[in-house]
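Since the structure comes first, as structure tokens, the remarks are kept for the end.
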Amino acid sequence: MNVTITPSSVEGTARAPPSKSYTHRAILAAGYASEATVRDALWSADTQATARAVDLFGGDVDRRDDGTLEIDGFDGRPDVPADIIDCANSGTTMRLVTAAAALADGTSVLTGDESLRSRPQGPLLKALVDLGADADSTRGNGQAPLVVTGPLSGGKVSIPGDVSSQYITALLLAGAVTDEGIAIDLETDLKSAPYVDITLEVLADFGVEARHTDAGFEVDGGQSYAPVDGEYTVPGDFSSISYPLAAGAIAGDAGAGVRIDGAQPSAQGDSAIVEIVERMGADVNWDRDAGTIDVSQAPLSGIEVDVEDTPDLLPTIATLGAVADGDTHITNAEHVRYKETDRVSAMAEALGKMGVKTTEEQDSLTVHGGESTLEGTTVQGRNDHRIIMALALAGLVADGETTIEGADHVDVSFPGFFGMLEELGVALERQE
């Protein structure tokens with residue numbers, strides 16, 4: 001599907017979709033349990049991949065009409081899957097499920113689409129081998145397809161922290177049901193650290209104790225997953241909140257603007273987007289108790305933003321920088337190149353087609369908004385939900401229409417994204 005955006009102002013109320021990061025962890029944590037109910041789960045292409053994996057491990061994920069997930073788990077010991085585990089485009093699924101597969105007393109095979117088969121898994125495979133499992137890349141390059149044979153019993157392991165925090169999350173989730181537990185020593189500084197804090201929060205909500213240590217992280221073995229009263233509720237997603245928030249900042253009606261519901265505080269590092277938009281000059285008010293954010297348009301100025309802990313915000317920040325006066329310098333961004341696509345180069349290329357000057361370096365992206373004027377054109381979504389949504393924001397204020405090719409990939413994290421824009425008053429056309 002292609003979507004064409006006509007320049008529009010936005011006004012009204014948007015509701016944050018449930019957090020993708022929390023939903024992945026909650027579905028798998030419920031799988032590790034004997035049974036659990038997960039409420040307000042995001043049901044997207046990515047999270048469905050995690051649900052399919054739980055099914056293949058011997059659990060059962062049943063989605064009710066109201067969106068609630070009733071999950072019969074595999075109670076800490078996954079079966080050997082009867083089929084290949086297809087993680088589709090979900091890197092989170094592949095990494096979290098790879099560690100779960102190492103608990104099975106037999107061999108699991110994991111793969112995904114072309115993009116996922118290019119993403120690095122080597123450090124996690126090595127860690128699993130060090131913990132007693134067999135874990136290999138079929139092509140010997142540390143990338144999927146992966147073949148994992150367990151079971152592992154736990155122990156101590158070292159792993160780099162600057163490739164993906166999901167490796168640490170995967171080991172902590174699996175480590176709680178091993179015999180020995182798992183102690184993780186970080187070989188390098190941890191990037192995207194708030195995502196591990198999310199993991200610790202979800203583990204605690206499921207009755208599992210894990211902790212920071214001087215060297216890294218640790219989880220005791222022999223634990224059981226069991227949420228209070230058998231239920232867990234997923235909070236709103238700040239990665240997704242970044243899009244209506246940025247839309248209000250660059251195109252919000254001066255008289256009313258945009259209100260975002262479902263913005264309760266949590267461990268999500270991407271809540272930093274509220275402070276970033278405010279620093280750039282937008283009129284923002286976050287009522288943390290009510291979980292609402294009000295934002296309206298104001299002149300924006302370029303700033304410097306470190307995305308070491310918030311890589312998913314780079315596309316949104318780059319679009320804000322294209323509208324702002326002056327330079328927006330996004331730093332500590334090398335790990336953003338190893339997502340669904342190289343998001344640094346993807347945003348530089350797409351914004352360049354729209355008339356925006358950028359300077360791309362290996363670890364940074366500078367958007368020269370003061371030297372640029374956004375022009376509508378046709379741009380590629382790169383099969384990446386965050387690139388697509390960020391470019392749709394640019395289309396709100398570009399001169400002329402902006403067509404985004406492959407826009408249906410928003411289903412990965414925000415299936416209702418374009419419907420939300422229409423409800424806020426955006427004129428857009430879908431072309432199948």
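The values are calculated or read from the model by the stated rules, or taken from the named source; none is laboratory data. A quick note: this is a predicted structure, and the numbers were derived from the prediction, not measured. Note that each Cβ is placed from the backbone with ideal geometry, even for glycine, and that neighbours are counted across all protein chains shown.
Within the range 296-333, being farther than 15 Å from residue 347 by Cβ and free of Cβ contacts under 8 Å to residues at least 40 places away in the same chain holds for 299, 301, 303, 304, 306. For the range 334-347, the candidate set comprises residues that are surrounded by 23 or more Cβ atoms within 10 Å (Cβ to Cβ) and under 20 Å from residue 372 (Cβ atoms); within that set, the residue that is nearest to the chain's Cα centre (by Cα) is 343. Restricting the range 8-18 to residues that are among the polar types (S, T, N, Q) and assigned to a loop (DSSP other than H, G, I, E, B), the residue that is surrounded by the most Cβ atoms within 10 Å (Cβ to Cβ) is 9. Taking (1) aliphatic (A, V, I, L, M); (2) part of a helix (DSSP H, G or I); (3) under 23 Å from the mean Cα position of the chain (by Cα) in turn, residue 250 satisfies each apart from (3). Return yes or no: is residue 68 out of contact with any Leu (no Cβ under 7 Å at 6 or more places or on another chain) and under 30 Å from residue 323 (Cα atoms)? Judged against the criteria, residue 68 is not a match. Please verify whether residue 21 is touching a residue at least 40 places away in the same chain (Cβ under 8 Å) and surrounded by fewer than 24 Cβ atoms within 10 Å (Cβ to Cβ), treating the condition exactly as stated. No; evaluated as a whole, the condition is false for this residue.
Scanning the range 28-65 for residues that are part of a loop (DSSP other than H, G, I, E, B) and either of a type in the set (Phe, Trp, Tyr) or not assigned by TED's automatic domain parsing to the domain that holds residue 98 (or both) turns up 43, 57. Within the range 210-254, if we keep just the residues that are free of Cβ contacts under 8 Å to residues at least 24 places away in the same chain and out of contact with any Leu (no Cβ under 9 Å at 6 or more places or on another chain), the residue that is farthest from residue 321 (Cα to Cα) turns out to be 229. Selection of the range 177-194 for residues being under 25 Å from residue 77 (Cα atoms) and surrounded by 20 or more Cβ atoms within 10 Å (Cβ to Cβ) yields 177, 178, 181, 182, 184. Can you say whether residue 5 is in contact (Cβ under 8 Å) with a residue 40 or more places away in the chain, within 21 Å of residue 225 (Cβ to Cβ), surrounded by 24 or more Cβ atoms within 10 Å (Cβ to Cβ) and not basic (Lys, Arg), as far as the supplied structure shows? So residue 5 does not fit the description; no. Of the numbered criteria (1) over 23 Å from residue 44 (Cα atoms); (2) surrounded by fewer than 24 Cβ atoms within 10 Å (Cβ to Cβ), the one residue 219 fails is (2).
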